[in-house]
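Trainee: Take this structure, written in structure tokens, and hold onto it; I'll ask about it next.
The values are calculated or read from the model by the stated rules, or taken from the named source; none is laboratory data. What you see is a predicted model; the values in this text were computed from it and never measured. Glycine also receives a Cβ, built like all others from the backbone with ideal geometry; neighbour counts cover every protein chain displayed. With ligands, DNA and RNA removed, areas are computed over all heavy atoms of the protein, side chains included. Shrake-Rupley method; radii C 1.70, N 1.55, O 1.52, S 1.80 Å.
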Amino acid sequence: MREPARVTDVVQRAIDVVVAGGVLVATAPVMAGVAVLVAARLGRPVLFRQQRPGRHGRPFTLVKFRTMRDVDEERGLISDADRMTGLGRALRSTSLDELPTFWNVLRGEMSLVGPRPLLMHYLDLYTPEQARRHLVRPGVTGLAQVSGRNLLSWEDRLALDTWYVDHRSLGLNARICARTALVLLRRVGVAAPGSVTMPQFTGSPRPGTEVGGA
């Protein structure tokens, strides 16, 4: 790794601790209110916990507020669209569901800025180039999130992640944070067309792989 990147990572970690600690304290009343709403509308637990790959693919437990009902086949609650609620959409569009994630930042499992932590089973689907997104800590926000969010194709999104890994700097991180505020205000890119979140990643065509029929 280039020395400037090492310096960036060390300084960014210090910034992460200060900012995450401040956010958790400052938003404690907001989180308490959201927790009450989630408990009343969706039931308990109010927090969504899921294993996600962190730096170098090491798993950690991501923490967010719940935005969906539990799967219930008898009631027809199977897909994300079936399980999503009005409260869930509001929490996602404002990113209030992400507030508990600052605990992951404080613990060192995530950073304020970096590639978003995706699903564990995606690890086996990445190309070697795409897998480089795990050379850094995953972020609460990232370059892909301020460049189209869930409106991007998977290939474009993952390409932005690896570009960030190679070009990360404190200045770039500051610009991404500033652009994140604008994205939150505009509430764009929360969901991909025809989806309440983002379609599942099924892998990118490998070099030399023929696509299409005969």
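Trainee: Quick one: is Thr85 in contact with a Lys or Arg (Cβ under 8 Å, 6 or more places away or on another chain), surrounded by fewer than 18 Cβ atoms within 10 Å (Cβ to Cβ) and at pLDDT 95 or above? Step through it out loud before you land on a result.
Mentor: Working: in contact with a Lys or Arg (Cβ under 8 Å, 6 or more places away or on another chain): yes; surrounded by fewer than 18 Cβ atoms within 10 Å (Cβ to Cβ): yes; at pLDDT 95 or above: no.
So Thr85 fails the test.
Okay, residues lined up against (1) open to solvent by 60 Å² or more (accessible area, probe 1.4 Å); (2) farther than 30 Å from Gln130 by Cβ; (3) in contact (Cβ under 8 Å) with a residue 40 or more places away in the chain:
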{"residue": "Arg13", "(1), (2), (3)": "no, no, yes"}
{"residue": "Val38", "(1), (2), (3)": "no, yes, yes"}
{"residue": "His56", "(1), (2), (3)": "yes, no, yes"}
{"residue": "Pro59", "(1), (2), (3)": "yes, no, yes"}
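Trainee: Residue by residue through the range 7-60, note down the ones that are on the phi > 0 side of the Ramachandran plot and either in a strand (DSSP E or B) or small (Gly, Ala, Ser) (or both). It would help to see each step written out before you state the result.
Mentor: Start the filter on the range 7-60 by keeping residues that are on the phi > 0 side of the Ramachandran plot, which leaves 43, 56-57.
Listed by number, the residues that qualify are Gly43, Gly57.
Trainee: Also: Among the residues of the range 107-128, what is the count of those that are over 12 Å from the mean Cα position of the chain (by Cα), surrounded by 16 or more Cβ atoms within 10 Å (Cβ to Cβ) and not in a loop (DSSP other than H, G, I, E, B)?
Mentor: At the first step, the residues of the range 107-128 found to be over 12 Å from the mean Cα position of the chain (by Cα) are 107-109, 120-128.
Cutting the leftovers down to surrounded by 16 or more Cβ atoms within 10 Å (Cβ to Cβ) gives us 109, 122, 125-126.
Next, from what is left, pick out any that are not in a loop (DSSP other than H, G, I, E, B): 122.
Result for the range 107-128: 1.
Trainee: Return a yes/no flag: does the range 168-180 have any residue that is part of a helix (DSSP H, G or I), open to solvent by less than 50 Å² (accessible area, probe 1.4 Å) and within 30 Å of Val36 (Cβ to Cβ). Reasoning before the result, please.
Mentor: Step one: filter the range 168-180 for residues part of a helix (DSSP H, G or I), giving 170-180.
Going one step further and asking which of them are open to solvent by less than 50 Å² (accessible area, probe 1.4 Å), we end up with 171-173, 176, 180.
After this cut, where a residue has to be within 30 Å of Val36 (Cβ to Cβ) as well, the list is 180.
So far as the range 168-180 goes, yes, one or more of its residues are part of a helix (DSSP H, G or I), open to solvent by less than 50 Å² (accessible area, probe 1.4 Å) and within 30 Å of Val36 (Cβ to Cβ).
Trainee: Could you list all residues from the range 1-56 that are of a type in the set (Lys, Arg) and more than 13 Å from Trp103 (Cα to Cα)?
Mentor: Taking the range 1-56 and keeping what is of a type in the set (Lys, Arg), we get 2, 6, 13, 41, 44, 49, 52, 55.
Scanning the range 1-56 gives Arg2, Arg6, Arg13, Arg41, Arg44, Arg52, Arg55.
Trainee: For Val183, are the conditions met, namely being open to solvent by 30 Å² or more (accessible area, probe 1.4 Å), under 17 Å from the mean Cα position of the chain (by Cα), of a type outside the set (Ser, Thr, Tyr) and at pLDDT below 90? Quick ask: steps written out before the conclusion?
Mentor: Numbers: open to solvent by 30 Å² or more (accessible area, probe 1.4 Å): no; under 17 Å from the mean Cα position of the chain (by Cα): yes; of a type outside the set (Ser, Thr, Tyr): yes; at pLDDT below 90: yes.
For Val183, the condition - open to solvent by 30 Å² or more (accessible area, probe 1.4 Å), under 17 Å from the mean Cα position of the chain (by Cα), of a type outside the set (Ser, Thr, Tyr) and at pLDDT below 90 - is not met.
Trainee: So Arg137 ticks every box in (1) part of a loop (DSSP other than H, G, I, E, B); (2) open to solvent by less than 40 Å² (accessible area, probe 1.4 Å); (3) at pLDDT 95 or above; (4) under 28 Å from Met31 (Cβ atoms) but one. Which box is left unticked?
Mentor: The number of the failed condition is (2).
Trainee: A follow-up question, please. Out of the residues in the range 145-167 that are within 13 Å of Val183 (Cβ to Cβ) and small (Gly, Ala, Ser), which is most open to solvent (accessible area, probe 1.4 Å)? I'd like the intermediate steps shown before the answer.
Mentor: Initial filter on the range 145-167 (within 13 Å of Val183 (Cβ to Cβ)): 145-152.
With small (Gly, Ala, Ser) added as a condition, the list becomes 147-148.
Numbers: Ser147: 45, Gly148: 25 Å².
Among residues in the range 145-167 that are within 13 Å of Val183 (Cβ to Cβ) and small (Gly, Ala, Ser), the one most open to solvent (accessible area, probe 1.4 Å) is Ser147.
Trainee: Out of the range 15-26, which residues are buried (at least 16 other Cβ atoms within 10 Å of the Cβ) and not charged (D, E, K, R)? First the steps, then the outcome.
Mentor: Quick first cut of the range 15-26, residues buried (at least 16 other Cβ atoms within 10 Å of the Cβ) only: 15-16, 19-20, 23-24.
Of everything in the range 15-26, those that are buried (at least 16 other Cβ atoms within 10 Å of the Cβ) and not charged (D, E, K, R) turn out to be Ile15, Val19, Ala20, Val23, Leu24.
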